[in-house]
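Trainee: Starting off with a structure, shown below.
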Amino acid sequence: MTTGIRFLILAVLLVLIDWYFYQAIKTVLLNSSVFKKNLALYSYWGFTVFSLLLFLTPVIFTFSDFPKFVKVYVFAFVVMVVVSKLIGSVFIAFDDIIRFFRWGASYFPKTPVLVSNVVPIDPHAISRLRFLNIVAVTMSVLPFTSFIYGMVKGAFDYKVHRIKVVLPNLPSDFNGIKIVQISDIHLGSFVSTKPLEEAVNIILQQNADVIFFTGDLVNNESTETLQFIDVLSKIKAPMGVYSTLGNHDYGDYVTWETTAAKEKNLQDLKDVHAQLGWKLLMNEHIALKKGGSEIALLGIENWGGNLNFPKYGDMKKAHSETEKYPVKLLLSHDPSHWNMQVTKEYKDIDITFSGHTHGFQFGIEIPGLIKWSPSQFVYKQWAGLYSRDNQYLYVNRGLGFLGYPGRVGIMPEITVMELVNS
């Protein structure tokens, strides 16, 4: 089945969803004037046709030739419209289920009641419940407006998360060391340098001793970095900037003409890390030195535990010859690695720094009250600090975004972690 045919099939399904959802609008406007009904009719289907044309853009035109702004936000717009209508359709379905049972019950005999001067009606004609349809329309408008807000405000509403971790075996020279962690920048989703410049300024204001980047610098290709190199090269710290790769950095989600082209893309991305002044750790470790003391920093390639993400990482290689260090820190992009290998086979790793989940860029976080995201149904550890048997994991919520160009409830994060020995 060709891509064009798949898009057309999906387009038909979208039209059916649109028709189904429109039934709720008709019910809500049942007692309205003809003018309001016509206004709703033309506005709704005009908007729907516009959305459908956007959806079919990759079939009609060569989508890759469009400006980045169009590619990022057109896709997001279509997704927002579809998701919002699907949410509203759930309540319409409740209405139809109730109507179905009422319709079935209408065929059972009932005791007749004699009342004079009553216009006969069809006992099997079951009308829609206006209340549920009002709820359906409302529940579709709310997520749509939330998505718009998430794009306009949430995408670049950078939050600094501060946390202190006690490591009793931390050398005195390192007591109070300040680590800044960033992750999942996804440069291919940024259409200008301005938001990233703001993030870099916030990072530098933290006066970190050392900075960690835990993968997914790009969406797919190394060329996404070109316009942002000058901005990112400003990220510096006295003890250095250290990085690792995420699943998107390997170019696995692109169809390459040759294997050599894919390999070159990865090498070019490695060269970008070097150009930025970041030390890319590829299944290896280095010693962080302060005063007369040393601790180990390990970094591995992506090691995916959930959803069949690839396992390029080699912990055995990175961990080799680290026995002499009193503290070991690990950069590993995917937090499921901590569950599936680190806590089982490498119990001397004190803290693992991860990203990857983005907190699904959607959820609710009220400190001390609630922390919820659909991400928790996929990842046991999806945002913030976790611990198990004196081992810690910190999952950064990501600095950028992917797919949907915004964030609702789960804001882009800059982590500031202080390590102390008491």
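Trainee: How many of the residues in region 301-323 are within 22 Å of residue 170 (Cβ to Cβ), in a loop (DSSP other than H, G, I, E, B) and not polar (S, T, N, Q)?
Mentor: 2
Trainee: Taking region 291-304 only, how many residues are more than 18 Å from residue 342 (Cβ to Cβ) and modelled with pLDDT of 95 or more?
Mentor: 2
Trainee: Residues to consider are 265, 247, 283; find the one that is in contact with a Pro (Cβ under 7 Å, 6 or more places away or on another chain), under 22 Å from residue 356 (Cα atoms) and crowded, with 19+ Cβ neighbours inside 10 Å.
Mentor: 247
Trainee: Mind telling me which of the residues 380, 371, 347 ends up being without any contact (Cβ under 8 Å) to a residue 40 or more places away in the chain and of a type outside the set (Asp, Glu)?
Mentor: 371
Trainee: Can you confirm whether region 278-285 contains a residue that is free of Cβ contacts under 8 Å to residues at least 40 places away in the same chain and either basic (Lys, Arg) or not assigned by TED's automatic domain parsing to the domain that holds residue 171 (or both)?
Mentor: Yes, region 278-285 has at least one match.
Trainee: Out of 220, 201, 207, which single residue is surrounded by fewer than 21 Cβ atoms within 10 Å (Cβ to Cβ) and not in a loop (DSSP other than H, G, I, E, B)?
Mentor: Testing whether each residue is surrounded by fewer than 21 Cβ atoms within 10 Å (Cβ to Cβ) and not in a loop (DSSP other than H, G, I, E, B) leaves just 201.
Trainee: Going through region 315-335 one residue at a time, which ones are over 18 Å from residue 165 (Cβ atoms) and surrounded by fewer than 23 Cβ atoms within 10 Å (Cβ to Cβ)?
Mentor: Once the filter is applied, which keeps residues that are over 18 Å from residue 165 (Cβ atoms) and surrounded by fewer than 23 Cβ atoms within 10 Å (Cβ to Cβ), region 315-335 yields 315, 316, 317, 319, 320, 321, 322, 323, 324.
Trainee: Filter region 367-422 down to the residues that are touching an Asp or Glu at 6+ places or on another chain (Cβ under 9 Å), assigned to a strand (DSSP E or B) and of a type in the set (Ser, Thr, Tyr) and list them by number.
Mentor: Within region 367-422, 392 is the sole residue that qualifies.
Trainee: Another one. Only one of these is out of contact with any His (no Cβ under 9 Å at 6 or more places or on another chain) and on the phi < 0 side of the Ramachandran plot: 276, 307. Name it.
Mentor: 276
The values are calculated or read from the model by the stated rules, or taken from the named source; none is laboratory data. These numbers come from a predicted model, not from an experiment. Quick reminder, even Gly has a Cβ in these numbers, built from the backbone with ideal geometry, and neighbours come from all protein chains shown.
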